[in-house]
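K.L.:
Pasting a structure below so you can have a look.
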Amino acid sequence: MAKTKQKEVTVSKETDEVWDCIVDILVSAKQQLADGFQPSKDLPPIALAAYKRLPQALEGFGDIKMEAKEKLPAFIMANSVGAARVAGVMLKKS
């Protein structure tokens with residue numbers, strides 16, 4: 001096994017909120033779809049998860065675009081951490 005080194009990544013509040021929202025929606029969807037797709041049963045909880053987090057996540061979207069312009073390497077690292085969280089949810093066994 002390769003040796004590993006831990007690195008700290010600074011993530012903006014706005015970028016973190018977007019990824020929190022995405023992860024929450026995916027976790028909800030994965031839980032609801034675990035027993036097969038039943039639209040009338042599965043869609044309301046998934047929609048509720050999105051509704052609860054999406055407005056707050058999108059509120060800071062302008063700041064995220066500015067972050068991408070001003071601090072591109074930090075922006076890329078922050079989104080890499082978010083993408084890794086999504087991969088963790090998707091690969092986790094239910």
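K.L.:
Under 9 Å between Cβ atoms, at least 6 apart or on separate chains: pull out the pairs that start in segment 29-51 with a residue that is touching a residue at least 40 places away in the same chain (Cβ under 8 Å) and end on any residue that is of a type in the set (A, V, I, L, M) and loosely packed, with under 14 Cβ neighbours inside 10 Å.
P.N.:
Once the first residue is touching a residue at least 40 places away in the same chain (Cβ under 8 Å) and sits in segment 29-51, its partners that are of a type in the set (A, V, I, L, M) and loosely packed, with under 14 Cβ neighbours inside 10 Å give 30/90.
K.L.:
Taking into account only those residues within segment 39-90 that are exposed (fewer than 13 other Cβ atoms within 10 Å of the Cβ) and of a type in the set (Lys, Arg), which is farthest from residue 9 (Cα to Cα)?
P.N.:
Result: 41.
K.L.:
Further question on the same structure: Collect the residues in segment 19-67 that are aromatic (Phe, Trp, Tyr) and either within 21 Å of residue 88 (Cα to Cα) or touching a Phe, Trp or Tyr at 6+ places or on another chain (Cβ under 8 Å) (or both), keeping them in residue-number order. Walk me through it before giving the result.
P.N.:
Filtering segment 19-67 for residues aromatic (Phe, Trp, Tyr) gives 19, 37, 51, 61.
The one that is aromatic (Phe, Trp, Tyr) and either within 21 Å of residue 88 (Cα to Cα) or touching a Phe, Trp or Tyr at 6+ places or on another chain (Cβ under 8 Å) (or both): 19.
K.L.:
Another question about this same structure. Write out, first by first residue and then by second, each pair whose Cβ atoms fall under 6 Å of each other, whose residues are 6+ apart or on separate chains, and whose first residue, in segment 6-21, is buried (at least 17 other Cβ atoms within 10 Å of the Cβ) while the second is outside any helix (DSSP H, G or I).
P.N.:
What qualifies is 14/60.
A short reminder: the numbers here are calculations on the coordinates, not readings from a lab. Quantities reported herein were computed from a predicted structural model and do not represent experimental measurements. FYI the Cβ positions are ideal-geometry reconstructions off the backbone, even for glycines, and counts take in every protein chain you see.
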